[in-house]
Amino acid sequence: MASTLASHPAGPGGLLPASAHAAPIGRWRQIALPSLAAGAAWALASISAAAFEDVGDWSETGTWVIGTGVLAALLVLGALLSPWLPRLGQFLARRAPWLIVSGLFLTVWQLTAAKLGWLPQPFFPPPQALLEVLVWEWDELLKHLWASLQLVTVGFALGALAGFVLGVAIGWSTHIGYWVHPVLRFIGPLPATALLPIVFLAFPTSWSASIFLIALAAGFPVAILTWSGVANVDQALYDVARTQGLGNWGLITKVAIPAALPNVFVGLFMALGAAFSALMVAELIGVKAGMAFYIQWSQGWAAYANVWTTILVLALVCSGSITLLFKIRDHWLSWQKGLVKW
């Protein structure tokens, strides 16, 4: 009897137990169903754009219908291929909730703005109006984006470098800290944009004044967090390093700065947000190109589709900058992964 059962592990008739079939089917449903739901949400966005007439004149409605429809088809295709491409299935399943919400949001936005006219125009344009700006005025957007990137990159780099050097100096030397720390506490919390009237009089050009404002806004959080990181390094680390023959410069570069890097990156994240905030204000006075300048110019002409499109592009740039800074932090602080939960 035992040998008979051993020769037929699948059970009577050579069939697998129901649980053996249920496991892969259940796993496929767990991975594929969210992606299918996401595809349905984006298909709804496409159908809602195609099934009803626009209350306004937007030339890119057809492009919007095709684009959302193609994305919906790709999501459905990814769900169907998930048994053979498990990594793709898991990737889509993790992002499916956001894809579902975004598809439904775009559907509601499309209906209320372009089809039913519930949102007042031109203040709240539909998504195809933003797509129209991207298609027809991409060169103008790129020009202003490049001008803003130049300002924020130079200002952030100078401010972060100055803040880092100042923070290390304050944290390492009590003599420097005695003189600089009170000044930093007095000037640092002051919003950089509050100095606009003075700065634009003190600097020869609006571009250099904008650089100074952005650097000032970015430098303060880096200086404070770097100072805190250096000042709180365990003295035992210095004692061990001195036994290896390191002098003051070696203690700073090989002990103090590496130990303070987690605090430094926290300061850099804060500085990046402060730099973009200062950029938006600095570009409103005197600068002839930039994202904030383009927003103000578009608002003056009641081109609110351009305003919303510029805000969207700016949000993507800010998010991409944060992601890039995270990648740099992951590389520089890879030694922390076993010690700190990321």
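Starting from the stretch 301-312, keep only residues that are within 16 Å of Met280 (Cβ to Cβ), then list their pairs with residues that are surrounded by fewer than 17 Cβ atoms within 10 Å (Cβ to Cβ) and among the small types (Gly, Ala, Ser) whose Cβ atoms are within a distance under 8 Å, requiring at least 6 positions of separation or different chains.
Cβ pairs passing all conditions: none.
Are any residues in the stretch 121-151 at pLDDT below 90 and more than 22 Å from Phe293 (Cβ to Cβ), and if so, which ones?
Selection gives Gln121 alone.
Looking at (1) more than 30 Å from Trp207 (Cα to Cα); (2) among the β-branched types (Val, Ile, Thr); (3) under 28 Å from the mean Cα position of the chain (by Cα), which is the one condition that is false for Ile47?
Result: Ile47 passes all but (3).
Only one of these is in contact (Cβ under 8 Å) with a residue 60 or more places away in the chain and more than 29 Å from Gly320 (Cβ to Cβ): Gly171, Gly163, Gly155, Gly159. Name it. Let's see the steps before the verdict.
Numbers: Gly163 fails: more than 29 Å from Gly320 (Cβ to Cβ); Gly155 fails: more than 29 Å from Gly320 (Cβ to Cβ); Gly159 fails: more than 29 Å from Gly320 (Cβ to Cβ).
That would be Gly171, the only listed residue that is in contact (Cβ under 8 Å) with a residue 60 or more places away in the chain and more than 29 Å from Gly320 (Cβ to Cβ).
Restricting to the stretch 75-94, count the residues that are free of Cβ contacts under 8 Å to residues at least 12 places away in the same chain and loosely packed, with under 15 Cβ neighbours inside 10 Å.
Counting residues in the stretch 75-94 that are free of Cβ contacts under 8 Å to residues at least 12 places away in the same chain and loosely packed, with under 15 Cβ neighbours inside 10 Å gives 5.
Checking Trp118 against (1) within 29 Å of Ala282 (Cβ to Cβ); (2) modelled with pLDDT of 90 or more, only one condition comes out false. Which one?
(1)
Cβ-Cβ distance below 9 Å, separation of 6 or more or different chains: which pairs start in the stretch 183-211 with a residue that is touching a residue at least 40 places away in the same chain (Cβ under 8 Å) and not assigned by TED's automatic domain parsing to the domain that holds Ala289 and end on one that is part of a helix (DSSP H, G or I) and surrounded by fewer than 11 Cβ atoms within 10 Å (Cβ to Cβ)?
none
List every residue pair whose Cβ atoms sit under 7 Å apart, with the two residues 6 or more apart in sequence or on different chains, where the first one lies in the stretch 232-249 and is assigned to a helix (DSSP H, G or I) and the second, anywhere, is of a type in the set (Val, Ile, Thr).
Going by the 7 Å Cβ cut-off, the qualifying pairs are Leu237/Val255; Tyr238/Val255; Ala241/Val255.
The values are calculated or read from the model by the stated rules, or taken from the named source; none is laboratory data. Remember, predicted model here, so these are calculated numbers, not experimental data. We place every Cβ from the backbone using ideal geometry, glycine too, and count neighbours over all the protein chains shown.
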